[in-house]
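The values are calculated or read from the model by the stated rules, or taken from the named source; none is laboratory data. Since we're looking at a predicted model, the values are computed, not measured. All Cβ positions, even for glycine, are placed from backbone atoms using ideal geometry, and neighbour counts span all protein chains on display. The protein model used for the area step is the full one, side chains on, heavy atoms only, and it has no ligands, DNA or RNA in it. Shrake-Rupley method; radii C 1.70, N 1.55, O 1.52, S 1.80 Å.
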Amino acid sequence: MILPIVRYGHPALRRKGVPVEVLDSEIRQLIADMFETMYDAHGIGLAAQQVGRALQLAVVDVRGITDRPSTLFRDGKPADVDEAMPLVLINPQITPVGDPVSGPEGCLSFPEIYADITRPESIEVRALGADGRPYAFRCGGLLAKAIQHEVDHLNGILFKDRMTKASLEEHQEEMEELMAETKASLK
Ligand code: NI
């Protein structure tokens, strides 16, 4: 089922997610619905907050983007990025390992707004997968960017919070309009 994606100004986006304790049928259905919703919106990542749920749960699939590469290492060895997709991140923990790099980002909760965001190029990721089993890898490039963006969502942080002053100024009007529209729709 395609779920409504909440937009900037919705209080759900500012809620820190609680850990997923039990991977029951309700959570499995939510994961399936989040993938369906993300693909329908042509996104590469979606956090539970964006569908109104304050959980430590996000989905990612970078296969649709071919012009911005990703890297993946398991146990120090290069691994296939596509084979790791689609990715379910339950209760993820990330550690930055690379130097900060700047690159373009968008967000399904901020339609049509794009800005360069600076984040570490590589990260170590630990999470539970859709089967409830722990996994770990190191990744870089677009995948690292996408995962960091989603983990921010799980903590109530938005890419707007990481924009440069210049980007904030550039998008201020659009974001104010978006927030006003969202708030009006909640009344
Ligand atoms: Ni986002």
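What to note about this one:
- Taking a straight Cα-Cα cut-off under 14 Å and skipping sequence neighbours fewer than 8 places away in the same chain, the aspartates and glutamates within cross-link reach of Lys77 are Glu124.
- Anisotropy class of the stretch 1-101 from Cα gyration tensor, a/c 1.5 cut: prolate
- Averaging Cα coordinates gives a centre for the stretch 82-109 and one for the stretch 144-163; these two points are 9 Å apart.
- Stretching Arg133 away from Ala79 to a fully extended chain increases their span by 17.6 nm, per 0.36 nm per residue minus the current alpha-carbon distance.
- Solvent-accessible area per residue, Å², over the chain with all protein chains present [probe radius 1.4 Å]: 53 Å²
- Shape call, the stretch 142-187: gyration tensor on alpha carbons, a/c limit 1.5: oblate
- Relative contact order computed over the chain (Cα-Cα under 8 Å; 6+ residues apart), in percent: 26 percent
- Highest-first packing order for the peptide set 117-129, 165-177 is 117-129, 165-177, based on the mean count of other beta carbon atoms within 10 Å.
- For Lys16, the aspartates and glutamates whose Cα comes closer than 17 Å to its Cα, not counting residues fewer than 8 places off in the same chain, are Glu150, Asp152, Asp161.
- Those aspartates and glutamates that a straight Cα-Cα span of less than 19 Å connects to Lys187, excepting residues fewer than 8 apart in one chain: Glu176, Glu177
- Judged by the ratio a/c of the largest to the smallest principal axis of the C-alpha gyration tensor, the chain counts as oblate, that ratio being 1.5 or greater while a/b is no larger than b/c.
- Length released on extending from Leu186 to Glu36, taking residue separation times 0.36 nm less the Cα-Cα span: 51.6 nm
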